[in-house]
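The values are calculated or read from the model by the stated rules, or taken from the named source; none is laboratory data. All values reported here derive from a predicted model rather than from experimental measurement. With ideal geometry, Cβ positions are generated from the backbone for all residues, glycine too; neighbour counts draw on all protein chains shown.
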Amino acid sequence: MNQTIEQAYPKAYAEIDQSTKDSGFTMASDVLTCSLLRTLASSKPAGQFLELGTGTGLSTAWILDGMDHASSLISVDFDQQFLSIAEQFLGTDPRLKLIHSDGGEWMAKNKHQRFDYIFADTWHGKYLLLDEAIAMLKDGGLYIIDDMLPQLNWPEGHAEKATQLIAEIEKRSDLTITKQNWATGLIIGVKTNKADPRNN
Ligand SMILES: C[S@@+](CC[C@H](N)C(=O)[O-])C[C@H]1O[C@@H](n2cnc3c(N)ncnc32)[C@H](O)[C@@H]1O
């Protein structure tokens, strides 16, 4: 077995990829991660999906490709220049709501919403407001983060932050996690409610 992705890429992928390169956006998710995002998206029929950090919409395109027609995706980013690339190529998909907002502000206003799947690909929901993001997951919901292995574009001091975040996530009793030393380094967690209702 090799890691080649033989299944078709999302329809808009090539155009978004080209526009991403033209725009100078350097933080796009790699295709292996995107492929996993799509696979996991397929596990949530009629699901409610949240992406924090749209970028230019590369990961968004793969998540949408895994979702069924009864599912919906909210994707949030504060950079209109990059968000407009996602809008251009994915904006007509009725399942997608692109939100131009600071991640923290959006989470504060929407903390009562519940999701089946959260891809936290910016500060909020990952390095910031982690508890709040996990609280927004339904039981059995997926929490996914990437870029947990050292990356060339990490600023000084970021490695320590990543190590701290991994330790913090490992300690949580409300997430059953697997760390994957693969692609850019992923953590996949499932929101777990182990409380025994017989104790109520
Ligand atoms: C790693 S990139 C997202 C990449 C994208 N998910 C993909 O796969 O191509 C992180 C994104 O977070 C956005 N971002 C950074 N700080 C933010 C904030 N405070 N609120 C909302 N978005 C933010 C950046 O504009 C950037 O697009």
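Can you tell me which residue in region 36-70 is farthest from the chain's Cα centre (by Cα), limited to those that are within 12 Å of the ligand (Cβ to nearest atom) and hydroxyl-bearing (Ser, Thr, Tyr)?
Ranking the candidates gives Thr56 first.
Which condition breaks for Leu152 when tested against (1) modelled with pLDDT of 95 or more; (2) closer than 28 Å to Tyr13 by Cβ; (3) over 17 Å from the mean Cα position of the chain (by Cα)?
So Leu152 meets the others, but not (1).
Quick one: in region 147-200, which of the residues that are in a loop (DSSP other than H, G, I, E, B) and among the hydrophobic types (A, V, I, L, M, F, W, C) is nearest to Phe115 (Cα to Cα)?
Looking at the filtered set, the residue picked out is Ala195.
Keeping to region 1-21, report how many residues are assigned to a helix (DSSP H, G or I) and surrounded by 13 or more Cβ atoms within 10 Å (Cβ to Cβ).
6
Can you tell me which residue is surrounded by the fewest Cβ atoms within 10 Å (Cβ to Cβ) among those in region 46-62 that are touching a Leu at 6+ places or on another chain (Cβ under 7 Å) and part of a loop (DSSP other than H, G, I, E, B)?
Among those residues, the one meeting the criterion is Thr54.
All but one of (1) without any contact (Cβ under 8 Å) to a residue 40 or more places away in the chain; (2) more than 7 Å from the ligand (Cβ to nearest atom) hold for Asp79; which doesn't?
Checking Asp79 against (1) without any contact (Cβ under 8 Å) to a residue 40 or more places away in the chain; (2) more than 7 Å from the ligand (Cβ to nearest atom), the one that fails is (2).
Sort out which residues of region 161-200 are under 16 Å from the mean Cα position of the chain (by Cα) and of a type in the set (Ser, Thr, Tyr), and write them in order of number.
Thr178, Thr184
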